[in-house]
Amino acid sequence: MLFSQKEIERRQNSIRANLEDGQAFVAFSFTGSYYLSGAPIVHWGRPAICVVPKSDPAFFVVSTMEEPRLASLGHVSDISLYQDPDGPNLPVAVSHAVERLKQLDVRSVLVDGGMAKYADIEQLRELCPGIEIIDGTRILNTLRLVLSDEEIVYVRAAVAVSDVGVQTFLDSARIGEAESTLAARSSQAMADFSAVNFPEIETGIRCYSQQGLRTLEPHSGTSGAPLKEGNLLQIVIEASAWQYMSAVERTIALGELPEAHDAYYSTLIEAHEAAIARVMPGVPCSDPHNAADNVFVRDGYGAST
């Protein structure tokens, strides 16, 4: 099991304590259903719905093909199954959930509306027109903000893996070396490290980079272009342990940079320090942002976005 029974009960009871006017919490999203069941089931078009009633045990609606993963990793034993031949997945899955909600005489639900698909909620409204649907995204996100000790174990594993990727990239970077080669080398190093140190953890790995003008297109993909003297290189290293992710982004100078780059870097450091100086209890979040913007505007770069 990824998480203890006690941990999942804590999460479900926390949701129950915050249901307010809702009689059940319905989690349509991967994030919500994973958090409340302990089973990371990536939907891939087949809904996986976790429902936590206020006064009854949680139940789960899931495709038959995903049931073994729920059974082996999750802590919800009351399961309603459906198959592709039953009909279109979404109305079939939601109809299973609605049937159970009606049996429990649930008349109002909270949903993870900020993470669920619009079609999920509309299907629930269509199949159960008398039910009151309340957005419970804030409640779920507030609970998820504070990580438990069991969650932190996976975060630390992901951080350790991403650290290996960053260090490998920096150690291997040479002018003339292809970006894609460096990304592949870093990915392999992370995979090898995970296999040795976290063999029981499902790990996700991604490494990519952009240099020169492509740094204006962050979070894209890696090209086969060689590293070029005088460019800035942006690298992104991502590692997840049971879906708990560590993402590291770094900007690297490739050799000697033009003076304009140095000037902007100095402004950036000053803006960063100005923002930090304004971070204190009771200060509006806009104050640190504005403090940094003042430095950018003063030096002719304009306000940040």
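The values are calculated or read from the model by the stated rules, or taken from the named source; none is laboratory data. Because the structure is predicted, anything quoted here is derived from the model rather than measured. Please note: Cβ atoms are built from the backbone with ideal geometry, for glycine as well, and neighbour counts cover all protein chains shown. The protein model used for the area step is the full one, side chains on, heavy atoms only, and it has no ligands, DNA or RNA in it. Shrake-Rupley method; radii C 1.70, N 1.55, O 1.52, S 1.80 Å.
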- prompt: Is one or more of the residues making up the stretch 213-236 assigned to a helix (DSSP H, G or I) and of a type in the set (S, T, N, Q)?
  reply: yes
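Taking the conditions exactly as written (among the hydroxyl-bearing types (Ser, Thr, Tyr), open to solvent by less than 60 Å² (accessible area, probe 1.4 Å) and touching a residue at least 60 places away in the same chain (Cβ under 8 Å)), does SER80 satisfy them or not? Let's see the steps before the verdict.
On the way: among the hydroxyl-bearing types (Ser, Thr, Tyr): yes; open to solvent by less than 60 Å² (accessible area, probe 1.4 Å): yes; touching a residue at least 60 places away in the same chain (Cβ under 8 Å): no.
For SER80, the condition - among the hydroxyl-bearing types (Ser, Thr, Tyr), open to solvent by less than 60 Å² (accessible area, probe 1.4 Å) and touching a residue at least 60 places away in the same chain (Cβ under 8 Å) - is not met.
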- prompt: Of (1) at pLDDT 95 or above; (2) among the aliphatic types (A, V, I, L, M); (3) within 24 Å of ARG11 (Cα to Cα), ALA119 satisfies all except one. Which?
  reply: (3)
- request: Name the single residue, out of those in the stretch 13-22 being more than 13 Å from ARG144 (Cβ to Cβ) and outside any loop (DSSP other than H, G, I, E, B), that is least open to solvent (accessible area, probe 1.4 Å).
  value: ARG16
task: Answer with yes or no whether ASP86 is open to solvent by 60 Å² or more (accessible area, probe 1.4 Å) and farther than 24 Å from SER4 by Cβ.
output: yes
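Of the residues that make up the stretch 105-122, is at least one polar (S, T, N, Q) and open to solvent by 20 Å² or more (accessible area, probe 1.4 Å)? Don't jump to the end; show me each part of the working.
Here is the first cut: in the stretch 105-122, the ones polar (S, T, N, Q) are 108.
Those left that are additionally open to solvent by 20 Å² or more (accessible area, probe 1.4 Å): none.
No; the residues of the stretch 105-122 include none that is polar (S, T, N, Q) and open to solvent by 20 Å² or more (accessible area, probe 1.4 Å).
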- request: For residues that are open to solvent by 40 Å² or more (accessible area, probe 1.4 Å), of a type in the set (A, V, I, L, M, F, W, C) and either touching a Lys or Arg at 6+ places or on another chain (Cβ under 6 Å) or in contact (Cβ under 8 Å) with a residue 40 or more places away in the chain (or both), tally how many sit in the stretch 184-205.
  value: 2
- request: Working only within the stretch 265-305, note down all residues that are surrounded by 11 or more Cβ atoms within 10 Å (Cβ to Cβ), in a loop (DSSP other than H, G, I, E, B) and either touching a helix residue (DSSP H, G or I) at 6+ places or on another chain (Cβ under 6 Å) or of a type in the set (S, T, N, Q) (or both).
  value: ARG278, VAL279, ASP299, ALA303, SER304
field: Only one of PHE25, PHE60 that is at pLDDT 95 or above, farther than 16 Å from ARG144 by Cβ, aromatic (Phe, Trp, Tyr) and in a strand (DSSP E or B)
entry: PHE60
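If you go through the stretch 219-233 one residue at a time, do you hit one that is among the β-branched types (Val, Ile, Thr) and exposed (fewer than 13 other Cβ atoms within 10 Å of the Cβ)? I'd like the intermediate steps shown before the answer.
Step one: filter the stretch 219-233 for residues among the β-branched types (Val, Ile, Thr), giving 222.
If we keep only those that are exposed (fewer than 13 other Cβ atoms within 10 Å of the Cβ) too, we end up with none.
No, the stretch 219-233 has no match at all.
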query: Among the residues of the stretch 222-238, how many are among the hydrophobic types (A, V, I, L, M, F, W, C), without any contact (Cβ under 8 Å) to a residue 60 or more places away in the chain and under 19 Å from VAL164 (Cβ atoms)?
result: 1
message: With touching a residue at least 60 places away in the same chain (Cβ under 8 Å), closer than 20 Å to ASN13 by Cα and not aromatic (Phe, Trp, Tyr) as the only criterion, which of VAL111, VAL146, VAL61, VAL51 stands out?
response: VAL111
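This table checks each residue for (1) at pLDDT below 95; (2) out of contact with any strand residue (DSSP E or B) (no Cβ under 8 Å at 6 or more places or on another chain).
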| site | (1), (2) |
| --- | --- |
| GLN243 | no, no |
| ILE252 | yes, no |
| ASP262 | yes, yes |
| GLU273 | no, yes |
| ILE276 | no, yes |
| CYS285 | yes, yes |
query: Does VAL61 satisfy the criteria of being touching a Cys at 6+ places or on another chain (Cβ under 9 Å) and surrounded by fewer than 23 Cβ atoms within 10 Å (Cβ to Cβ)?
result: no
query: Going by the structure shown, is GLN167 among the polar types (S, T, N, Q), open to solvent by 40 Å² or more (accessible area, probe 1.4 Å) and part of a helix (DSSP H, G or I)?
result: yes
- request: Answer yes if at least one residue in the stretch 206-214 is surrounded by 13 or more Cβ atoms within 10 Å (Cβ to Cβ), over 29 Å from GLU256 (Cβ atoms) and in contact with a helix residue (DSSP H, G or I) (Cβ under 9 Å, 6 or more places away or on another chain), and no otherwise.
  value: yes
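Kindly provide the set of residues from the stretch 237-249 that are in contact with an Asp or Glu (Cβ under 9 Å, 6 or more places away or on another chain) and either among the aliphatic types (A, V, I, L, M) or part of a strand (DSSP E or B) (or both), ordered by number. Steps first, answer last, please.
Step one: list which residues in the stretch 237-249 are in contact with an Asp or Glu (Cβ under 9 Å, 6 or more places away or on another chain), which gives 237, 239-248.
Within the stretch 237-249, ILE237, ALA239, SER240, ALA241, TYR244, MET245, SER246, ALA247, VAL248 qualify.
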